[in-house]
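The values are calculated or read from the model by the stated rules, or taken from the named source; none is laboratory data. Given the structure is predicted, the values throughout are model-derived calculations rather than measurements. Neighbour counts are summed over all protein chains in view; Cβ atoms, including those assigned to glycine, are modelled from backbone coordinates with ideal geometry. Surface accessibility is based on the protein's heavy atoms, side chains included, excluding ligands, DNA and RNA. Shrake-Rupley method; radii C 1.70, N 1.55, O 1.52, S 1.80 Å.
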Amino acid sequence: MKKIIACTAVIGLLAGCVQPIPPEALQFQPDTLANRQLQSRKYDIKSEKDLLSASNNVLQDMGFNLDESNMPLGVIVASKSRDATEAGQIAGAMFMAFMFGANAASYDKVQKIRASLVTKPASTNNPIEVDVKTKSGKQIKFDQKVEMPNSYVVRVTFQRMVWNQKGVLTKIEGINEPEIYQEFFDKLSKSIFLQAQNVN
Amino acid sequence: MRTVIATLQDLGFVVDKADLDLGSVSATKLSGYALRMTVSVRPSESGKSMIVRANAQYNTTAVTDPKPYQDFFVSLQKSLFLTANNVD
């Protein structure tokens, strides 16, 4: 009996070690729509190709390297690796090293920032109302979105990974600072304007 | 296919790879953990509907629990009907 209890306890402990997926990971959250608006901007431009090309130029201006692209889907994926050292963290690490030895010191060294940019045709605010009757005689009403000509929506998302000086991954997170998205879209507006004027 | 990408973006994923011919998209969500998903879309035999298949890995383990997949499909369904008027 004791053995059974011991085994159950061990299994329980082992099961506890495997972290379950957080329940909210794949559910829409109250801020989902707000984030969508923060990360999206509508542009009046004659083709999706022009918009993707202008976006690619902005990403290159910001020092990103292209990882993946799919023109028919309107997808661009880019990344850049940069220094992540902060003076405050180094001072803290020096203090820790002084107090507890060199192994206790840890500060962020390198970060990789990833960006994925997706374009899609914009739709009007006046959808067509469709009224259909199914085979079983059920009446269904739904709104059929109408695509706006020469208007596209760009949505960009950023995330970053940070490694410390020992090469250990210390941070993995999405970037949700409004200023970063604001800055990106301001640059994109300028880039689209310059492209339209043929100034490259 | 574009709706799948939009849903993944809504859920905080960053696209890794996307292929329209193959109808497949891979994306990663980083939020203190790494959740990677591959979603493929293909037309059904009747040609009237699309079949969406998703598989996920959480850090280094495959996700076998049905609940996260159900959550994903619910989100996809919501995204199909959600029109962000302020954005679009």
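Screening region A:86-120 for residues that are at pLDDT 80 or above and surrounded by fewer than 17 Cβ atoms within 10 Å (Cβ to Cβ) and picking the one that is nearest to A:Gln159 (Cα to Cα) gives A:Lys112. Quick one: count up the residues across region A:153-180 that are within 10 Å of chain B (Cβ to nearest Cβ), among the polar types (S, T, N, Q) and open to solvent by 10 Å² or more (accessible area, probe 1.4 Å). Number of matching residues: 1.
Counting the residues of region A:42-68 that are open to solvent by less than 70 Å² (accessible area, probe 1.4 Å) and assigned to a strand (DSSP E or B) gives 2. Somewhere in region A:129-152, is a residue away from every other protein chain (no Cβ under 14 Å), in contact with a Ser or Thr (Cβ under 9 Å, 6 or more places away or on another chain) and either under 29 Å from A:Glu177 (Cβ atoms) or at pLDDT below 80 (or both)? Taking every residue of region A:129-152 in turn, none turns out to be away from every other protein chain (no Cβ under 14 Å), in contact with a Ser or Thr (Cβ under 9 Å, 6 or more places away or on another chain) and either under 29 Å from A:Glu177 (Cβ atoms) or at pLDDT below 80 (or both). In region A:24-60, the residue that is nearest to A:Met148 (Cα to Cα) out of those that are of a type in the set (Lys, Arg) and within 14 Å of chain B (Cβ to nearest Cβ) is A:Lys42.
Inspect all residues belonging to region B:12-21 and state whether any of them is more than 7 Å from chain A (Cβ to nearest Cβ), out of contact with any His (no Cβ under 7 Å at 6 or more places or on another chain) and surrounded by fewer than 21 Cβ atoms within 10 Å (Cβ to Cβ). Yes, region B:12-21 contains a residue that is more than 7 Å from chain A (Cβ to nearest Cβ), out of contact with any His (no Cβ under 7 Å at 6 or more places or on another chain) and surrounded by fewer than 21 Cβ atoms within 10 Å (Cβ to Cβ).
Residues that are at positive phi, more than 10 Å from chain B (Cβ to nearest Cβ), without any contact (Cβ under 8 Å) to a residue 60 or more places away in the chain and touching a Lys or Arg at 6+ places or on another chain (Cβ under 9 Å): does region A:63-78 have at least one? Within region A:63-78 (the criterion being at positive phi, more than 10 Å from chain B (Cβ to nearest Cβ), without any contact (Cβ under 8 Å) to a residue 60 or more places away in the chain and touching a Lys or Arg at 6+ places or on another chain (Cβ under 9 Å)), the answer is yes, since at least one residue qualifies.
The criterion of at least 1 residues that are under 16 Å from A:Leu38 (Cβ atoms) and under 26 Å from the mean Cα position of the chain (by Cα) is met, among strands (runs of 3 or more DSSP E) falling completely within region A:106-197, by A:108-123, A:147-164, A:169-175. Can you give me the number of residues within region B:22-54 that are without any contact (Cβ under 8 Å) to a residue 40 or more places away in the chain, in contact with a Gly (Cβ under 6 Å, 6 or more places away or on another chain) and under 13 Å from B:Thr3 (Cα atoms)? The total comes to 1. Residue check: A:Gly88 meets all listed conditions (1) over 30 Å from B:Val63 (Cα atoms); (2) assigned to a strand (DSSP E or B); (3) more than 8 Å from every other protein chain (Cβ to nearest Cβ) but one, namely (2).
With respect to the stated conditions, A:Met148 is over 23 Å from A:Val77 (Cβ atoms) and buried (at least 16 other Cβ atoms within 10 Å of the Cβ).
Evaluate the following for B:Gln57: is it within 18 Å of A:Phe28 (Cβ to Cβ), without any contact (Cβ under 8 Å) to a residue 40 or more places away in the chain, open to solvent by 20 Å² or more (accessible area, probe 1.4 Å) and more than 9 Å from chain A (Cβ to nearest Cβ)? It is false that B:Gln57 is within 18 Å of A:Phe28 (Cβ to Cβ), without any contact (Cβ under 8 Å) to a residue 40 or more places away in the chain, open to solvent by 20 Å² or more (accessible area, probe 1.4 Å) and more than 9 Å from chain A (Cβ to nearest Cβ).
Quick check on region B:37-49. Is at least one of its residues at the interface with another protein chain (Cβ under 9 Å from one of its Cβ atoms), of a type outside the set (Lys, Arg) and either out of contact with any strand residue (DSSP E or B) (no Cβ under 6 Å at 6 or more places or on another chain) or open to solvent by less than 60 Å² (accessible area, probe 1.4 Å) (or both)? Scanning region B:37-49 turns up at least one residue that is at the interface with another protein chain (Cβ under 9 Å from one of its Cβ atoms), of a type outside the set (Lys, Arg) and either out of contact with any strand residue (DSSP E or B) (no Cβ under 6 Å at 6 or more places or on another chain) or open to solvent by less than 60 Å² (accessible area, probe 1.4 Å) (or both). Of everything listed in (1) modelled with pLDDT under 90; (2) within 19 Å of the chain's Cα centre (by Cα); (3) of a type outside the set (A, V, I, L, M, F, W, C), the single unmet condition for A:Lys80 is (1).
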